[in-house]
Amino acid sequence: MSENGEEKLLAVARHIAKTLGHNNNMADDILQIFSNFDGRFSKENLSEKVAVPETDPRACAALDHCLKNLDRRISHFVSSDHPIWADSADAGAFLDAVDDLIASVAEWNHLTGDKSIATCLVRAEDMLQHAMFRLEDEFRSLMERGGESFDLTQPYRNSDSAGNLSNLPFDSEEEEEEIDDEGRNGEEDLIPVAMPVTDYDIVIDALPSATINDLHEIAKRMVAGGFGKECSHVYSSCRREFLEESLSRLGLQKLSIEDVHKMPWNDIEDEIERWIKASNVALKILFTSERRLCDRVFFGFSSAADFSFMEVCRGSTVQLLNFADAVAIGSRSPERLFKILDVFETLRDLIPEFEVLFCDQYSVSLRNEALTIWKRLGEAIRGIFMELENLIRRDPAKAAVPGGGLHPITRYVMNYLRAACRSRQTLEQVFEDYGHPLKEYPKIDDRMSSSSSLSVQMDWIMELLESNLEAKSKIYKDPALCYVFLMNNCRYIVQKAEDSELGALLGDDWIKKHTAKIRQYHVQYQRSSWNKVFGFLKVEYNGSIPPNGVAKSMKEKLKSFNMVFDDLCRVQSSWFIFDEQLREEIRISIEKLLLPAYENFMARFHNIAEVGKHAEKYIKYETEEIEARLNDLFQGSSGSTGSRKRS
């Protein structure tokens, strides 16, 4: 490069340093950077000292004069004992002065390197801070006075005017009169309980529109003055109190997870009912209204609006979620299923509201927490079914049910599952999302491979119940009573499954299979109990037996029949079959075999010459009496058998 060109390059470097450096030290630093970059920019070559322009003394005087003028305008309001916003003219004048102060600070801030200017700006910052403090007080006062001028407990529909709030059900007029009376009696802290809310198409404008506009103007200045966080904190502290009071009016208590776990289940059930109502009102009405109010007060400042909304709603949201979490991680006793399902369904249905309301950087953690607790509730529901399985497994086969009747475990499990399956859609969602693989159900074969996870779960519980009942049936020493027990319980199982969501889950094939099982138990009962009786009525002729031998044989058979029949009827009249249709089916099946055989035997018995006219001596029952005795079967020890006379 030519000497002339290099000189031009050095001149450009000096100019850059002079332009960018507001003082000598800054200029030297810039030149040092150039020197490190290229040796031609050494201090020797750039020995000409870069001068920083001195600030015109007249400019300092102008700034000082401006600040004195602003101080007179602002200090008058800052030191006032009366609310500035009580007079719209005063409010406008104060805001204009604050605007001018903020603009002045911004205009002169780049000249802080000049000591005189810097001193003036320190004064300006101090003045701005005092102005912000006063704006903060005015903001708080407007929030409080605005709330007092409106009844915060009276929401209204989107279509209603601000002055027509009486058509909504938070508090009745009678309640308000009672509150006034109690307040006059010194009980001012009593919070009334809200009436039920069924329509969630409601928006609460807790502040008049004019007040919201004033708050927005103040917020705009506080954000511009660097006090946005302070403004948000004042806003959130006032609105947070409103939300907390609203939840209290809905009957919701502030309970920690430990508090919930110490409560009796009956109390928790009541609290769940209140929680469901409060959650719906909070997410669909209160939080939605707060979001709207935040956006209006902090219009144009989305970050401040998001932060303020999070600060307002965080405490109430955490209170609601903590209760749901306490329910989710609490005891998994089977009787808790139905209320936990209610909590699960409520939170599931509110997830869209969580996703809409809590989607910004400040509140997204609340949405994520809601999703986590919702999934935890699903895990609790699955855990309850596992506990039900354990309950069935552990139910001991100790004492036999009298008369082979229904076992309490059968009643409990079938009524429990029938009730649970009324929430089939929810349970399918729970088990589809976190279903157990088929390998965890070793007794379930390929017939369930194409079924839903909930169907697999129900079939598995049925397998466990049936295995448990089969073990219990072995307690009975009489095989016939064992089959009566199995008939009773299997019949009850099928009846409870039929015409219900449980039966739909188990399938028609399952119903048919278990109906066939009942018939099989019936056949086995009859074989083990009545085949011996039928055997006494069989008449076999053998030519080698003399006539007197036949007579003797038939007399012995009739005697044995009478004795065994008496014993069977006496014993089995104390047995119990709960289902009248099944009871009749068994009686009819016995009658169809017994009565013809008995009549045939009697006819032949009368025809024996050796018996002759002495036949009545050996005959204890007529056919009608046999039928009457059969009608007394399976009435149970508490039935009418003992007092019923044979016809």
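The values are calculated or read from the model by the stated rules, or taken from the named source; none is laboratory data. This one's a predicted model, so the numbers in the text were calculated from it and none came from an experiment. Don't worry about glycine lacking a Cβ; one is built from the backbone with ideal geometry, like all the others, and counts go over all protein chains shown. For accessibility, only protein heavy atoms count, side chains too; no ligands or nucleic acids. Shrake-Rupley method; radii C 1.70, N 1.55, O 1.52, S 1.80 Å.
Could you rank the peptides 382-389, 230-237 by their average count of other C-beta atoms within 10 Å per residue, with the highest value first? Before the final figure, lay out the partial values.
Details: 382-389: 18.4, 230-237: 21.8.
With the highest mean Cβ count within 10 Å placed first, the list reads 230-237, 382-389.
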Self-check item: Peptides ranked, highest mean first, by Cβ atoms within 10 Å: ranges 275-284, 414-423, 619-628
Solution: 275-284, 414-423, 619-628
Quiz item: Considering only protein heavy atoms, what is the solvent-accessible area of Asp71 at a probe of 1.4 Å, reported in Å² to the nearest 10?
Solution: 70 Å²
Quiz item: Listed here are the pairs Lys398/Lys559; Lys277/Lys496; Lys538/Lys620; Lys254/Lys375; Lys477/Lys592; which of them are more than 29 Å apart at the Cα?
Solution: Lys398/Lys559; Lys277/Lys496
Quiz item: If we sort 263-270, 461-468 on the protection proxy, mean other Cβ atoms within 10 Å, highest first, what's the order?
Solution: 461-468, 263-270
Exercise. Using only the Cα atoms, work out Rg/Rh for the range 238-382, with Rh taken as the Kirkwood radius, to two decimals.
Key: 0.99
